[in-house]
Amino acid sequence: MADDYWDDLPPTLTSKDLQRLLNIGQATVSLWLNKGTIPGHQIAYSWITFKSDVRNWLESTSTVPFPEHEPYPDPLDDYGDHLTYQDLMVLFRKSRPAIFGWLRDGTIPAMRPGQRWLIEKSAIRRLLEQTSNQRPDFVPRKRRDELGAAEHGDAGVDDAV
């Protein structure tokens, strides 16, 4: 794919972007994200995919060699040491209520001195590492919830003997 095609895409790709880019349906996008085929980050119940990761993945699966090039930019490179909730809205392509929900419930580690949220870039990096579907121990959120219910006897099985 031509670089100008990639240049027109935002740094963070939505499910719809992936469908168009890969010419696959929503069910396949979800399956491939859950399996770790498409690199992504599962934050709460949302998938975050970065253009740079998808480009690297596509190049790694190509049968045609790619010319040497500089690494694709890290999506966090455009931000300073601290991010605002507005920065997170752009970075993750999520709505204000979604970002505030993640900040309030601790999904995104942050501090709140006064009335403003203060989010350290290093905390976002750690969050992305912890939520990456490329980790060997990654388990999709839905499956984690099912496993947790089974461990606590909530799987619908009678524990009485």
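Rule-based calculations on the coordinates, nothing more; no lab input. Everything numeric here is computed off the predicted structure, so don't read it as measured data. Quick reminder, even Gly has a Cβ in these numbers, built from the backbone with ideal geometry, and neighbours come from all protein chains shown.
Test Ser30 against the criterion of being free of Cβ contacts under 8 Å to residues at least 40 places away in the same chain and part of a helix (DSSP H, G or I), and give yes or no. Spelling it out, Ser30 is indeed free of Cβ contacts under 8 Å to residues at least 40 places away in the same chain and part of a helix (DSSP H, G or I). Kindly indicate whether Asp87 is surrounded by fewer than 20 Cβ atoms within 10 Å (Cβ to Cβ), within 16 Å of the chain's Cα centre (by Cα), more than 26 Å from Asn23 (Cα to Cα) and charged (D, E, K, R). Judged against the criteria, Asp87 is a match. Taking the criterion of being among the charged types (D, E, K, R), surrounded by 11 or more Cβ atoms within 10 Å (Cβ to Cβ) and outside any loop (DSSP other than H, G, I, E, B), the residues of segment 53-80 that qualify are Asp53, Arg55, Glu59, Asp78.
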